[in-house]
2 protein chains.
Amino acid sequence: MGNYRIFNNVQKHITLNDVEKQYFESLLKVERIAKKELILKQGQICKKIYFVELGSLRAFNTNEDGKESTIMFAFQNWWITDMSCFVNQKQALLSIEALEDSQVVGLDGNALEALFDKIPKFERFFRILFQNAYIREQQRALHYISLTTEERYRKFINKYPGIADKVTQKQIASYLGVTPEFLSTVKRK
Amino acid sequence: MGNYRIFNNVQKHITLNDVEKQYFESLLKVERIAKKELILKQGQICKKIYFVELGSLRAFNTNEDGKESTIMFAFQNWWITDMSCFVNQKQALLSIEALEDSQVVGLDGNALEALFDKIPKFERFFRILFQNAYIREQQRALHYISLTTEERYRKFINKYPGIADKVTQKQIASYLGVTPEFLSTVKRK
């Protein structure tokens, strides 16, 4: 069996025997992505959910005026996709790009359904995964509404130390919902 | 067996036989809440997840300066709690208040664990529930970042027709992350 980090990630919440691990592994597709390469392009049908084995990625939306908004980062051991479009097999609202040379494993919708069918305890794993993702987004909404930009920036940097080496100030600014100019004023303070 | 709406909600995603329904019902606690009454107060330990049988509620945070931010509404057939605090049994960051006379059914953490243990297909139900909640919050983050206040207000009103009868402009404004004055300027346009 491959020595994938995804096994450890899954086994934080459920226990798999060797037969289950083998079946799970048979569903995974490994993809290498060069820095700046896209694994999902806005407007395409979003087919997979990805786990980051190595490297880091970001998800962003580009609006009609060409303005880019980064709405998510994903580092090693994180999961990433455009969930709405993955679940409903619709055109993606987000593009997903590698911030550095990266390696992901992907599961498509059929693989995931087969997994739930064959090894129902994966329902538990994804229940906990989505529960945590929901918590994160609920806290993020609370931060947007109740904190100043300066407090949000401080929380962000504390939560993701070292992120400033991998992403641009423009990407951080759009993630925090402010202009890059506003962010640099906050940082100078 | 009681004639609760929660049965229909659960059976959108999983099928229960009569024995399972009875067991599920035995875990539910019905609570009636008068308008403006709280079922969760910020700072208390958050013990339950609630399903709205009747009426409507909102969740809000009050910051150190006494500023209230509404971060969630819940209408009939919706689920609501302070997820982070419920999962980790921590002090709530949110208060939850009835917007009108309401009735909810609540499940505490032990009941939920017992439910997963006894009827594992509830993992599937909550996997789908949290998946959808995550999708909603992900889209909300995207809207915060990429849409103007006017567009966000329009989407909000389209999504929740009739909401303006139940909640104040101040609550809508804080949900959208703007001041009430700014919202009324947007509405006049």
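Other residues with beta-carbon under 12 Å from the beta-carbon of residue A:10 carry, at +1 per Lys or Arg and -1 per Asp or Glu, a net charge of +3. Taking a point 7 angstrom from the Cα of residue A:160 along the C-beta vector, which residues in region A:44-88 have backbone N less than 14 Å away? Backbone N within reach: A:55-61, A:69-81. With each label modelled as a point 7 angstrom along the Cα→C-beta vector, the residue A:22-residue A:181 pair spans 6.3 nm. Computed from point charges on the beta carbon alone (+1 for Lys and Arg, -1 for Asp and Glu), the dipole magnitude for region B:1-83 about its Cα centre is near 160 Debye. Taking amide H as placed 1.01 Å from N in the peptide plane, residue A:44 has its amide H under 5 Å from the amide H of A:92, each at least 5 places away in sequence or on another chain.
Remark: chain A carries a charge dipole of roughly 560 debye about the Cα centre, counting +1 on each Lys and Arg Cβ and -1 on each Asp and Glu Cβ. Only helical DSSP H runs with n ≥ 4 go in: add -39500 (n - 2.57) per run for the protein assembly as shown, normalise by residue count and round the 222 nm mean residue ellipticity to 500 deg cm²/dmol. Calculated at 222 nm, the ellipticity per residue is -13500 deg cm²/dmol. Simple rule: put +1 on each Lys or Arg Cβ and -1 on each Asp or Glu Cβ in region B:5-121, find the dipole, and look at B:89, B:7, B:44; the Cα lying farthest toward the positive end is B:7.
As a proxy for reagent exposure, ranking B:102, A:95 by other Cβ atoms within 10 Å from fewest up yields A:95, B:102. Relative intensity of the protein assembly as shown on a log10 scale, I(q)/I(0) at q = 0.11, 0.14 Å⁻¹, equals -0.86, -1.37, per a Debye sum over C-alpha point scatterers of equal strength in the absence of solvent. Backbone geometry of region A:83-95 corresponds, through the Karplus equation with coefficients 6.51, -1.76 and 1.60 at θ = phi - 60°, to 3J(HN,Hα) couplings of 4, 4, 6, 5, 5, 9, 6, 10, 5, 5, 8, 10, 9 Hz, x marking Gly and Pro. With each label modelled as a point 7 angstrom along the Cα→C-beta vector, the residue A:151-residue B:110 pair spans 3.6 nm. Relative contact order for chain A: 24 percent, from Cα pairs under 8 Å spaced at least 6 residues apart, divided by residue count. Near residue A:56, the amide H atoms lying under 5 Å from its own belong to A:99, A:100; only residues 5 or more places off or on other chains count, and H is placed 1.01 Å from N.
Modelled label positions at residue A:29 and residue B:14, each set 7 Å beyond Cα in the direction of Cβ, lie 3.0 nm from each other. Among residues other than residue B:43 with Cβ under 14 Å from its Cβ, the summed charge is +1 (Lys and Arg +1, Asp and Glu -1). Counting Cβ atoms of other protein chains within 10 Å of each residue's Cβ and taking the mean over peptide A:114-125 gives 3. Which one, A:103, A:116, A:57, is farthest towards the positive end of the dipole of region A:42-171 when Lys and Arg carry +1 and Asp and Glu -1 on their Cβ? So the residue furthest toward the plus end is A:116. If the Kirkwood radius is taken over C-alpha pairs of region A:5-125, then at 25 °C and 0.890 mPa s the Stokes-Einstein diffusion coefficient equals 164 µm²/s. Placing a label point 7 Å from the Cα of residue B:76 along the Cα-to-Cβ line, the residues of region B:1-45 whose backbone N sits under 11 Å from it are B:5. Extension gain for residue A:44-residue A:188 works out to 47.9 nm (0.36 nm per residue, less the C-alpha to C-alpha distance).
For residue A:76, the shell of other residues with beta-carbons less than 12 Å away shows a net charge of 0, using +1 for Lys and Arg and -1 for Asp and Glu.
Rule-based calculations on the coordinates, nothing more; no lab input. Because the structure is predicted, anything quoted here is derived from the model rather than measured. Please note: Cβ atoms are built from the backbone with ideal geometry, for glycine as well, and neighbour counts cover all protein chains shown.
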